[in-house]
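Reviewing the structure listed below.
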Amino acid sequence: MSKENRNWENIKPGTKAVWSGETEPFFEGATQVPIVQSVTYGYKNVDEWFDIAIGKKKGHIYSRNTNPTVDVFEEKVRVLENADAATSFATGMAAISNTLFTLLSPGERVVSIKDSYGGTSKLFLEFLPRFNVGVKLCETTDHDEIEKEVAKGCKLLYLETPTNPTLKVMDLERLITAAKKVGAIVVVDNTFATPINQKPLEFGADLVIHSATKFLGGHSDAMGGVVCGKEDLVKSIFHFREINGATLDANSAYMLIRGIKTLELRVRQQNENALRLAEFLEAHPQIEKVFYPGLESHLNHNIAKKQMTGFGGVMAFSLKGGFENVKTMLNNLEFAHLAASLGSVSTLIGPPKVTSHVELSEVERKQLGIPEGLVRCSIGIENFEDIKTDFEFALSKI
Ligand SMILES: *Cc1c(COP(=O)(O)O)cnc(C)c1O
């Protein structure tokens, strides 16, 4: 949980991503952030040790608690989200579970949505109820229902927008206003949007969460998670993490730092690629429906336009004729990994039916509005002409 004194207010996000957290001279004048591969830290004398231990002097004690490389990663996310404080975790799920288990106590109630990330839904349905936390999951885009449930009283409103896999979008300003009326803490999973496209703290959210494994790292080669926002809340979550040990490793932190430097460039290219591909697919005769918030046909396009500055790199589409056609198409793509996850420089594609929503029955998927022929696609930074040729060819094989 570090914080520099520099004021980043008038600095653009691409510059922030490169420079924030990196303004101090590093070991031996290194220009790049060193990977501090040290579990423990030594001191000149006992007095210095004592001053660092009680927080009077800046420094580190033990890498489960803090580490200089990890600090730089946290600072970059803090600055990009315009947050007061940030703390990091080994994975996105560690960030989410640490947040929920820190802020919710037995007898309290959390309101959220049915379309949360699979792991988050498991926490809501399987783990939190065991600790006598009341959980109400609303229809994701039913703003009236969410407002009504929040008004009944809750400790926490947990949102995620856009959602997985059909890219539903919730009106952050409206729902955060409802939560403030009952004094609820608002947490937003901003993984799909990234701070380049959406800043929930500006709409009054208390905390923002990222799976850094996705767009922040951006190369599908390191895992991590981060929570940023109000300092007192971040501090209490950090304190729980110090004890339960879901700490981000220095090596992974370095990979995430290296990745995040190009976040703005990548996301800009991904926004553009995704929008162009969505438009191309929407006009294609083999395609039944495209789910992308940047399309005017999208259910929540107006909300997305209001609160996002770009529509992101993830989309979903369904093919006419069902799952056999999905197989044919996916098997004929050249520049796309058939793989789970998202936010990488390379295009990743796969059907929710066998990835994120494999545990559900056909009926349950239908209830969530997930067609059997649905394909989720995270567009990479490849050149659009090649992506289009690739998709055109794969679709021609059906
Ligand atoms: C992947 C993901 C997570 C979980 O992150 P991990 O790093 O895999 O633990 C949480 N929320 C969203 C929206 C995600 O896409």
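The values are calculated or read from the model by the stated rules, or taken from the named source; none is laboratory data. Just so we're clear, the structure is a prediction, and the values are computed from it rather than from any experiment. So basically every Cβ, Gly included, is an ideal-geometry build from the backbone, and we count neighbours across all protein chains shown.
Of the residues making up the range 384-396, not a single one is of a type in the set (F, W, Y), assigned to a loop (DSSP other than H, G, I, E, B) and in contact (Cβ under 8 Å) with a residue 40 or more places away in the chain. Checked against (1) within 16 Å of the ligand (Cβ to nearest atom); (2) surrounded by 19 or more Cβ atoms within 10 Å (Cβ to Cβ); (3) closer than 30 Å to K366 by Cβ; (4) not aromatic (F, W, Y), A178 passes all but a single condition, namely (1).
Looking at K16, K76, K58, just one residue is within 16 Å of Y254 (Cα to Cα) and among the basic types (K, R), and that residue is K76. Of the residues making up the range 191-208, not a single one is at pLDDT below 95 and within 16 Å of the ligand (Cβ to nearest atom). Taken over the range 313-354, residues that are of a type in the set (K, R) and within 16 Å of the ligand (Cβ to nearest atom) amount to 0. Of the helices (runs of 4 or more DSSP H) that lie entirely inside the range 40-108, those containing 2 or more residues that are touching a helix residue (DSSP H, G or I) at 6+ places or on another chain (Cβ under 6 Å) and within 16 Å of the ligand (Cβ to nearest atom) span 68-80, 92-103. Would you confirm whether or not the range 156-171 contains a residue that is away from the ligand (no atom under 16 Å from the Cβ), within 29 Å of A246 (Cα to Cα) and surrounded by fewer than 15 Cβ atoms within 10 Å (Cβ to Cβ)? Within the range 156-171 (the criterion being away from the ligand (no atom under 16 Å from the Cβ), within 29 Å of A246 (Cα to Cα) and surrounded by fewer than 15 Cβ atoms within 10 Å (Cβ to Cβ)), the answer is no, since none of the residues qualifies. Only residues that are more than 28 Å from the chain's Cα centre (by Cα) and of a type in the set (S, T, N, Q) were counted across the range 369-398, and they come to 2.
Among residues of the range 109-135 being part of a helix (DSSP H, G or I) and under 17 Å from T163 (Cβ atoms), the one that is farthest from the ligand (Cβ to nearest atom) is L125. F50 fulfils the conditions (1) surrounded by 13 or more Cβ atoms within 10 Å (Cβ to Cβ); (2) over 16 Å from A86 (Cα atoms); (3) among the aromatic types (F, W, Y) except for a single criterion, (1). Those helices (runs of 4 or more DSSP H) of the range 260-379 in which 1 or more residues are among the hydroxyl-bearing types (S, T, Y) occupy 323-331.
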